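Novice: Have a look at the structure that comes next, please.
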Amino acid sequence: MDNASMLTWIELSRSALDHNITSLARLAGGVDMAVCVKANAYGHGLAETIDVIRDRDDCAYVTVHSLAEASACRDAGWRRRILLVGPFPLKRANDLVELDIEPLISDKSALRAVGKAAAKRKIRLRTHLKLETGTGRQGITEDEFDSFAKVYRQYDSLVRPYAAATHFANIEDTTNHEYAEYQLDRFDRMLRKLASLKLRPDIRHTASSAAVILFSKTHFDLVRPGIAVYGHWPSKETYLSYRLMGGENRLFKPVLSWKTRVMQIKKLPADAYIGYGCTYRTTAPTTLAVLPVGYADGYSRALSNQAYVLINGKRAQVRGRVCMDLIMVDITDIKGVKIGSEAVLIGPSGGEFISAEQLAGWAGTINYEILARLGGHLPRLIVK
Ligand SMILES: *Cc1c(COP(=O)(O)O)cnc(C)c1O
């Protein structure tokens, strides 16, 4: 399919995705990668992303949040390893064993369920033990170590604590990294305590994108980058910290563009209202373009009267409220717009660019949320 037959679609740059993974692999200094593909590959499309990364031998793992995502990775032809970082229904532990999915364990009943499933089939399964070092989310605390050690002993030959892992709470939201250092110290202390209980994981992993970029001592044996794979900085603070360290500018290139087409053009007089709630009123004769995209596609209603789209390389502002499936933009001063003209919601047009970060700013959120909420139903095309 080419984009001529589409009204609203997403384009993915294969070369940008390759470039970003190469940058991350270089930063990680040859440590294996677990490419994070949760949330439909941060909105980029799970199958499409796997299609690009499956041939790279530096991507040992993909990281997913749910069993459904893990299973979709297998369906998309991913034969290598899968790290499941979210919870799974205990009744489905058999599926983990059958699909060879390595769960991140932070709950004893989950470990028991996996142990039973592995014992039933006499299949070995690697587990990754999540340690609570101060994020206050998943992860086991030191007072639970004894009881986890018991469960591991019970399923000794089949289920091992293959890895120890943790996750940083405050690495992308600040240029002060004391809290990350504190979590690393705790991680180290917890590993020594585990060793005293004869739990000695083969590998350790802690690093999301910001940690991969800023802290080589968090890399250990495996890194788990997400947002940077897709060409986005985890935050301004991460970018600033990196540039202050003297890092290069073109480390990551955005992979995704989001496009739609002008479906109607209309002229309104001065003093006319636009859209639900009459939140915008023209002050002069105005030409509007109607675009077939709305909050049902992930174009947040918070963008009402805030955002711009690009048409013919020029900025056209969203007028009135974002509807479920439509938006209206002001093209009064843009020449040559026709029915079918391309409108860029995220990405370049002429010399102009609208980034996921700009949309996030207008909508009062972060780039992660803008990307993760892109409608799963939108067609994705891999280009160059
Ligand atoms: C989402 C996630 C990551 C990736 O985070 P980014 O900031 O997108 O790089 C890494 N590890 C875990 C446990 C995650 O949930």
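Novice: Please rank GLU369, GLU144, fewest neighbouring Cβ atoms within 10 Å first, as an exposure proxy. Intermediate results must be reported in sequence, preceding the final value.
Specialist: Working: GLU369 17, GLU144 14.
With the fewest neighbours first, GLU369, GLU144 line up as GLU144, GLU369.
Novice: Please compute the net charge surrounding SER300, taking Lys and Arg as +1 and Asp and Glu as -1 over other residues with Cβ under 15 Å from its Cβ.
Specialist: In short, -1.
Novice: Does the stretch 273-341 come out rounded, prolate or oblate by the C-alpha gyration tensor, with a ≥ b ≥ c the root eigenvalues, rounded set by a/c under 1.5 and, if not, prolate when a/b is larger than b/c and oblate if not?
Specialist: Taking the square roots of the gyration eigenvalues as a ≥ b ≥ c, the stretch 273-341 is oblate.
Novice: Using alpha-carbon pairs under 8 Å, 6+ residues apart, how would you state the relative contact order of the chain in percent?
Specialist: The value is 18 percent.
Novice: Please report the relative contact order for the stretch 169-272, taking Cα pairs under 8 Å with a sequence separation of at least 6, and give it as a percent rounded to a whole number. Please report the intermediate quantities before stating the final value.
Specialist: Working: 96 pairs, mean separation 24.1, N = 104.
Relative contact order comes out at 23 percent.
Novice: In which sequence would SER349, SER66 go, from the one with the fewest C-beta neighbours within 10 Å to the one with the most?
Specialist: SER66, SER349
Novice: Any lysines with Cα under 21 Å of the LYS314 Cα? List them, leaving off those in the same chain fewer than 8 positions away.
Specialist: LYS259, LYS266, LYS267, LYS335, LYS338
Novice: Continuing with this model, one more query. With runs of 4+ DSSP H residues as the only contributors, calculate the mean residue ellipticity of the chain at 222 nm using -39,500 (n - 2.57) per run, divided by the residue total and rounded to the nearest 500.
Specialist: Result for the chain: -8500 deg cm²/dmol, rounded to the nearest 500.
Novice: Follow-up. Pairs of Cα atoms under 8 Å, at least six residues apart: use those to get the relative contact order of the stretch 25-122, whole percent.
Specialist: Here the relative contact order equals 22 percent.
Novice: Going by a ≥ b ≥ c, the root eigenvalues of the Cα gyration tensor, does the stretch 1-80 fall in the rounded group (a/c under 1.5), the prolate group (a/b larger than b/c) or the oblate group?
Specialist: It is oblate, given that a/c is not under 1.5 and a/b is not larger than b/c.
Novice: Could you tell me which GluC sites (Glu not before Pro) in the stretch 176-268 are loop residues by DSSP with no more than 10 other beta carbons within 10 angstrom of their beta carbon?
Specialist: GLU248
Novice: Then there is this: Can you list the aspartates and glutamates whose alpha carbon sits under 16 Å from that of LYS38, skipping same-chain ones fewer than 8 residues off?
Specialist: GLU48, ASP51, GLU69, ASP75, GLU102, GLU369
Novice: So how do LYS198, LYS236, LYS38 line up by other beta-carbon neighbours within 10 Å, fewest first?
Specialist: Ranked by crowding around the Cβ, least crowded first: LYS198, LYS236, LYS38.
Novice: What ranking, highest mean first, results for peptides 309-315, 13-19, 2-8, 282-288 when packing means the other Cβ atoms within 10 Å averaged over each residue?
Specialist: In decreasing order of mean packing, 309-315, 13-19, 2-8, 282-288 become 309-315, 13-19, 282-288, 2-8.
Novice: What number comes out for the charge environment of HIS167, summing +1 per Lys or Arg and -1 per Asp or Glu over other residues with Cβ under 10 Å away? Please list the in-between numbers first.
Specialist: Values: positive: LYS130, ARG137, ARG224; negative: GLU132.
Here the charged neighbours net out to +2.
Novice: Counting Lys and Arg as +1 and Asp and Glu as -1, what is the net charge of the other residues whose Cβ lies under 15 Å from the Cβ of ALA360?
Specialist: Charge balance near ALA360 sits at -2.
Novice: Right, here's the next one. Please give, to one decimal in nm, the separation of the simple spin-label points placed at GLN264 and ARG186, each 7 Å out from Cα toward the Cβ.
Specialist: Distance between label points: 5.5 nm.
Novice: When DSSP beta bridges are limited to those with both residues in the chain, what percentage is antiparallel, rounded to the nearest 5?
Specialist: 50 percent
Only the coordinates and a few stated rules stand behind these numbers; no lab work does. Small disclaimer: the values here were computed from a predicted structure and weren't measured. No Cβ is skipped: glycine too gets one built from the backbone with ideal geometry, and neighbour counts run over all protein chains shown.
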